[in-house]
1. Which is surrounded by 13 or more Cβ atoms within 10 Å (Cβ to Cβ), in contact (Cβ under 8 Å) with a residue 60 or more places away in the chain and touching a Ser or Thr at 6+ places or on another chain (Cβ under 9 Å), of 408, 422, 480?
2. Among the residues of segment 439-459, write down those that are outside any strand (DSSP E or B) and either of a type in the set (Ser, Thr, Tyr) or touching an Asp or Glu at 6+ places or on another chain (Cβ under 7 Å) (or both).
3. Could you give every pair whose Cβ atoms fall below 9 Å, whose first residue belongs to segment 1-20 and is closer than 24 Å to residue 79 by Cα, and whose second residue is among the hydroxyl-bearing types (Ser, Thr, Tyr) and at pLDDT below 80, counting only separations of at least 6 or pairs across chains?
4. Assess whether residue 419 counts as being modelled with pLDDT under 95, under 21 Å from residue 318 (Cα atoms) and in the same structural domain as residue 291 (by TED's automatic domain parsing).
5. Filter segment 336-356 for residues that are in contact (Cβ under 8 Å) with a residue 12 or more places away in the chain and not aliphatic (A, V, I, L, M); which is surrounded by the fewest Cβ atoms within 10 Å (Cβ to Cβ)?
6. So, residue 463, is that one without any contact (Cβ under 8 Å) to a residue 60 or more places away in the chain and surrounded by fewer than 15 Cβ atoms within 10 Å (Cβ to Cβ) or not?
Amino acid sequence: MTVKTFTLPDLGEGLTEAELVTWLVQVGDTVAVDQPIAEVETAKSAVEVPCPFAGTVHQLHGASGQTLDVGAPLISVDTGAGDGVPAPQGGGPKGGQTYREEERAGVDPAAAPEAAAGAEDGSGSVLIGYGTPGGGSSGRRRRPKKALSVVPAQAAATGAAHDAMASAPRLAPTVISPIVRKLAKDRGVDISTVRGSGPGGLILRRDVVTAAASPAAAPAAAPPSAAVPAPSPPSAAVPAAVSGAEAVDARTGLEVAGRVPVSGVRKVIAEAMTRSRTEIPEATVWVDVDATELVELRAALKARDPENAPGLMALIARFVLAGLARYPDLAARIETREDGGQEIVRFDGVNLGFAAQTDRGLVVPNIRGAHRLSARGLDAELKRLTERARSGKASPAELSGSTFTLNNYGVFGTDGAAAIINHPEVAILGIGRIIDRPWVVDGQLAVRKLTQLSLAFDHRVCDGGVAGGFLRMVADAVENPVSVLADL
């Protein structure tokens, strides 16, 4: 027996831990190189971690809900061949479909290209900064070598490789596409009970759809001989059941409905907000703005070019970038030197962050080099990054490194807010909802489209004159967008 232990890899910039969401394999399962073994959640995104070893799962280190440090043991795999059957090599069954091919529903498995020759010990595949061995000196990503998929010995003797791969109870589900796994999860299908119709028992999207439509789609219990219990979770990792005397809160006298650990994104948000409030002496200024002309301009652009007209957020972002070009201190950063002194670090350009609400919590994707983009370019990046953030696919680089943040809290139906600065930035601009209100125009009362802009800024970096000047410049641009856009 040769047991190799795979530690939790570095999943991104400055991340030191990750929460183990769920295991995709169990003790006793057979895994192949680059097969997803666990889903983990970091402060940046949720990702599936592939295994760099091929063999049999020997031990799972940790339980669902547990937070693991980078470098801590994640999984141990027996890579030996004690029963005379070689350990599987490669990321899936022979002739298996590629990720893009499997992504299309109803693909003919016979038309899928076979895997090209690859490395002996690994595939070279990379997950945010780490890869399996065998990448080669050329730096190219090498694909798994051609090899027969591992099946039980008796199945190999009878030639029934496909059926054995699809039905062997001790094998991990033969699925290489995250889309297929998500589809099964969304439809309540136990992926381990699905019979794959692809080469070597590969589970395709249509197999999940068929299983979900079947009356017997309920997850089937594993045979007693194949059932391998997962390791008992540590008491601190999983919320304990509330019962007995603990069900009543001593301070309020109310029954406790449940306890939810502060972990994952919520933990990071809490730490970031606490640090911002602790370290940054912030002040807030705000102004009511007549956005009638901006709304009319956007409507005219949309009528002229419905597909490519930039949204209001992109137009305001363009005004903000023009203001930061004049008041660069608001897109700077304060750093502490080794001698204890502080210095203001100014940047040649702006990485524009924007608050995005997702199912996992509030995240701040950022548009790198935003100062070089037009309103249309900003609009395209806003849509792209919002979609990636909400789907949990945004990379660590896309969720860090901003130098100024926009917060459109108007989408929640609120008019104003004193936003908390996104540390280590020094300012954040909030945008309230745009609503019809009475407004005086040329001495006459009229109904106009009003919004409120609020700027929270670090008073160590600048004073009220700079903050007010920037806010007034953005407000003037919103009120007279045509004249301002002519100069941008």
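1. Numbers: 408 fails: touching a Ser or Thr at 6+ places or on another chain (Cβ under 9 Å); 480 fails: touching a Ser or Thr at 6+ places or on another chain (Cβ under 9 Å).
Criteria check complete, one pass: 422.
2. Looking only at segment 439-459, we keep the residues that are outside any strand (DSSP E or B), and these are 442-443, 459.
Hit for segment 439-459 is 459, nothing else.
3. 9/130; 10/16; 10/130
4. Numbers: modelled with pLDDT under 95: yes; under 21 Å from residue 318 (Cα atoms): yes; in the same structural domain as residue 291 (by TED's automatic domain parsing): yes.
It is true that residue 419 is modelled with pLDDT under 95, under 21 Å from residue 318 (Cα atoms) and in the same structural domain as residue 291 (by TED's automatic domain parsing).
5. First, the residues of segment 336-356 that are in contact (Cβ under 8 Å) with a residue 12 or more places away in the chain: 342, 344-347, 349-356.
When the remaining residues are screened for being not aliphatic (A, V, I, L, M), the result is 342, 346-347, 349, 351, 353-354.
Numbers: 342: 9, 346: 12, 347: 14, 349: 16, 351: 19, 353: 25, 354: 25.
Applying the filter and picking the extreme gives 342.
6. Details: without any contact (Cβ under 8 Å) to a residue 60 or more places away in the chain: yes; surrounded by fewer than 15 Cβ atoms within 10 Å (Cβ to Cβ): yes.
Against the criterion (without any contact (Cβ under 8 Å) to a residue 60 or more places away in the chain and surrounded by fewer than 15 Cβ atoms within 10 Å (Cβ to Cβ)), residue 463 qualifies.
Let's see how each residue does on (1) aliphatic (A, V, I, L, M); (2) outside any loop (DSSP other than H, G, I, E, B):
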residue: 402; (1), (2): no, no
residue: 418; (1), (2): yes, no
residue: 422; (1), (2): no, no
residue: 430; (1), (2): no, yes
residue: 437; (1), (2): no, yes
residue: 461; (1), (2): yes, no
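Listed here are the residues, each with its yes/no results for (1) within 30 Å of residue 10 (Cα to Cα); (2) touching a strand residue (DSSP E or B) at 6+ places or on another chain (Cβ under 6 Å); (3) surrounded by 14 or more Cβ atoms within 10 Å (Cβ to Cβ); (4) among the small types (Gly, Ala, Ser).
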| residue | (1), (2), (3), (4) |
| --- | --- |
| 383 | yes, no, no, no |
| 433 | no, no, yes, no |
| 439 | no, yes, yes, no |
| 454 | no, yes, yes, yes |
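The values are calculated or read from the model by the stated rules, or taken from the named source; none is laboratory data. On a predicted model such as this, the values are computed, not experimentally measured, just so you know. Ideal geometry is used to build each Cβ from the backbone, glycine not excepted, and the neighbour counts take in all protein chains shown.
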